[in-house]
1. Among the residues of the stretch B:101-123, are any open to solvent by 30 Å² or more (accessible area, probe 1.4 Å) and in contact (Cβ under 8 Å) with a residue 60 or more places away in the chain?
2. Confirm whether B:A77 is of a type in the set (A, V, I, L, M), within 24 Å of B:E121 (Cβ to Cβ) and open to solvent by 10 Å² or more (accessible area, probe 1.4 Å).
3. Could you please find all residues in the stretch A:1-49 being open to solvent by less than 80 Å² (accessible area, probe 1.4 Å), in a helix (DSSP H, G or I), of a type outside the set (A, V, I, L, M, F, W, C) and away from every other protein chain (no Cβ under 14 Å)?
4. Determine which single condition A:I69 fails, assuming it passes every other condition in (1) touching a Lys or Arg at 6+ places or on another chain (Cβ under 8 Å); (2) more than 7 Å from chain B (Cβ to nearest Cβ); (3) open to solvent by 10 Å² or more (accessible area, probe 1.4 Å); (4) among the hydrophobic types (A, V, I, L, M, F, W, C).
5. Just name the residue that is most open to solvent (accessible area, probe 1.4 Å) out of those in the stretch B:141-157 that are over 21 Å from B:F23 (Cα atoms) and in contact with a strand residue (DSSP E or B) (Cβ under 9 Å, 6 or more places away or on another chain).
6. With the requirement that a residue be aromatic (F, W, Y) and either within 14 Å of another protein chain (Cβ to nearest Cβ) or over 24 Å from B:L156 (Cβ atoms) (or both), what does the stretch B:215-261 give you?
7. Considering only residues that are part of a helix (DSSP H, G or I) and farther than 24 Å from B:L133 by Cβ, which ones fall in the stretch B:95-112?
8. Among the candidates A:R130, A:R54, A:R96, which residue alone is outside any loop (DSSP other than H, G, I, E, B), open to solvent by 30 Å² or more (accessible area, probe 1.4 Å) and within 15 Å of B:S211 (Cβ to Cβ)?
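The values are calculated or read from the model by the stated rules, or taken from the named source; none is laboratory data. Predicted, not measured: the structure shown is a model, and the values here were computed from it. All Cβ positions, even for glycine, are placed from backbone atoms using ideal geometry, and neighbour counts span all protein chains on display. With ligands, DNA and RNA removed, areas are computed over all heavy atoms of the protein, side chains included. Shrake-Rupley method; radii C 1.70, N 1.55, O 1.52, S 1.80 Å.
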Amino acid sequence: MIKKIIIDSEGNKFLEKIETISGEKITSCDQCGVCTGSCPFTDNMDITPSNVMRKVQLGQKEVLETKTIWVCASCLHCMTRCPRGLDLSKVAEALRQISLREAIDNFDIDQIDKEETKKLPPIALVGSFRKLTG
Amino acid sequence: MRENKLRIPYYPGCTLKANAKNFEVSALHSMEKLGIEMIELPRWNCCGVVESLTADDKMRHLAPVRNLIRVEEMNEAGIVDDEFRLLTLCSMCFNTLKRSNKFVREDQENLDLINDFMYQEPDYQGKVEVIHLFELLADRGFSRITEKIEKKLEKLNVAAYYGCMLLRPRNISIDDAENPNIIENFVSALGANPVNWHNKHRCCGSYHTLSNKQLVVDSVKEIIQDAQKNRAEIIITSCPLCAFNLDQRQKEIKEQDDNFRQMPILYFTQLLALALGLGKESFGFDQNYIDPEPVLKRFLE
């Protein structure tokens, strides 16, 4: 029996939006799982990187609520190995941008240990602000 | 006959002027000894730190590209002589500058857009090549370092840590992205022994060190223990964020696991300065959290 998955127009709009922001052809993902196998931080994630790709393909917006998209640190292990040449760091960034462009931060700057800021390299601070705040 | 000195534009970036002063000073002094004069870019600005990953927002490429204009200006002003290579030390600066350079050089539309937006600046002509110090040293031949060595670092086991930014994405990598050996070759040139290990390009956790410290602590522990398992005595790196995480987060690892054996993390230029026979003022070991002196004692006397 052939199963057919129907993605509603809202889901399709979501997929298109993420493809526009990321510039990646997300529908070409084959779900081979090499990204998940390569990712050093899956232990800290709630869903796997390949699962993020699948959810975006299907237009499932709840992917925005996952920890995974914020844990991705763009280390690019996955991209280096993806047989489809996809850059998952750009997909994660696009998903983060949905919140960040509405100025919804994922990181409370007040939580930074004041003593530690004296030791922290500026690139750690700027990197965090760029990735986690809108 | 006296060898001609190489004069090359150099982009330091913010962290080399703050937490990683020991990286800069050790590099400047070592390069002087190797006949390379690093000329700091006038009016440099932030490299952007993390590469822009959004296709629909090109604004983030302005900062890196503006730095590249400075290199062309240096050539026009005669500060350097037909030297369009821009030397970087910090891996993150290298990554963002090189990627943004590709972004404008390989797409005329992007170049025009960025140039139009920065109409008060001279147009960027796309002449600049962003390179990392490892590439410069490798191109000149690591044997030229060996010739100048005063203290051969014999029997010192060194783990070469690449991190992410020197290798990925593949199209800007300083070596094979999956199986690099450029830093190992550098280590061999100093007379030291590069260890073979698995985690040399595993991500340390990067900027999560602020918002998700435990993630970084766990990652660093795995990296360091792998280096130790392969008998490394020190780890060298060129990324100030990796260096911070690998060095400073050993405090938290030790608090959580008393059996953990701490080990020194050095910038590769600190090791180079040592091998070149430079003085303590060129090492900047006081900025290292784990004191490297006990391990390097036999070379410091």
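1. yes
2. Taking the combined requirement at face value, the residue satisfies it.
3. A:G11, A:N12, A:T27, A:S28, A:T36
4. (3)
5. Per the criteria, the residue is B:K155.
6. B:F244
7. B:Q108, B:E109, B:N110, B:L111, B:D112 - these are the residues of the stretch B:95-112 that are part of a helix (DSSP H, G or I) and farther than 24 Å from B:L133 by Cβ.
8. A:R130
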